[in-house]
Amino acid sequence: MIYADFFQVLADIVGAILGFLQNIVSPIGEFMVMWINYVLVIFPENNLIPYIVLCIIIVISAIIVNSYWSGDKQPKHLKEKGISFASTGEDNPL
């Protein structure tokens, strides 16, 4: 019962804030509804194939980007200037 009272007070506070910011929140909400409806026209709800293809494209591109620009390699333009960054605690002079 204590949790219900807490959540009611929290809902009242959020409602008051949203009521105060209604002129800002309403256009943002209308924009969100508009672009989501537009996306659902392109990617239908009852067909998962476009979502699976998009997921595969994102995963493959992430693998390519992470293998080419891994976080362990120092950027070439910094290496040419002689600037180095410590990658482990042993290399850190502090």
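Selection of first residues in segment 25-45 that are without any contact (Cβ under 8 Å) to a residue 12 or more places away in the chain and of second residues that are surrounded by 10 or more Cβ atoms within 10 Å (Cβ to Cβ) and in a helix (DSSP H, G or I), restricted to Cβ pairs under 7 Å at least 6 apart or on distinct chains, gives the following pairs, ordered by first then second residue: V25/L18; F43/P50; F43/Y51.
Of the helices (runs of 4 or more DSSP H) lying entirely inside the chain, those containing at least 1 residues that are modelled with pLDDT of 85 or more span 2-20, 22-42, 49-68.
The values are calculated or read from the model by the stated rules, or taken from the named source; none is laboratory data. Keep in mind it's a predicted model, so treat the numbers as computed, not measured. Counting neighbours? That spans all protein chains shown, and the Cβs are built from the backbone with ideal geometry, glycine included.
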